[in-house]
Amino acid sequence: MGFTLANLVAVILIVGSEAIVVFPRINDLIKNHRLNNVAQEVWQDMHRARLLAIKDKGTIRVEFDHDSYKVVRAATGEVAFRRNLNVDYPDVILSTTAVRGRITFDRTGTAEGNTTEIEIEGPTGTRRFTILATGKIGGLP
C-alpha cells in the first residue's frame, strides 16, 4: 500500500491551485499592513512634534517635502528629527493640505491656520488624518 504517482500529482495540483488563489491575497494583506504602519508612524510623529512644542515652550514646524518631512525648532532652525518615508516605504506617497507645506505648533500645542489634512497613499488604499487649529490630531490610529 502506498501512494501512486497519480495520487501525488493530484495532491500537488490541488495544493498548487489553492496557492495561486491565496498568494495574491496574502501579498495585499502585507501591503495593507505596511500602509497602516506608515500612517501610524506619521501620526505619531505629528503628536511628537506637538508635544515637543509644549515641552520646549516654543514653536515647532513640521516641513513636508514629497515623501519626507522634518521637525524644526523655529527659534534656532535646529532639526529635532526627520523621516524619509521613501527609505522604508518606497511605494507610499505623502501629501498634505498644509499652507506652504508646513504645520506649525506653538508653545501651547495649537496649530497655526485652519484644519490640515495629511494623506498617505499606498498600493492598497489611502489613510488620512487631520490636525485641527486647536492642535488636536484626529483620525488614526
I need to check one value: relative contact order of the stretch 5-138, counting alpha carbon pairs closer than 8 Å and at least 6 residues apart, in percent. 23 percent
With axes computed from alpha carbons, what is the tilt in degrees of helix 5-56 against the longest principal axis of the chain, rounded to the nearest 10 within 0 to 90? 10 degrees
The chain - Kirkwood radius from inverse mean 1/r over Cα pairs (Å): 17.3 Å
Which whole-angstrom value gives the distance between the alpha carbon centres of the stretch 59-73 and the stretch 86-141? 11 Å
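No value in this document is a laboratory result; all are computed from the given coordinates. All figures in this text were calculated on a predicted structure; none of them were measured in a lab.
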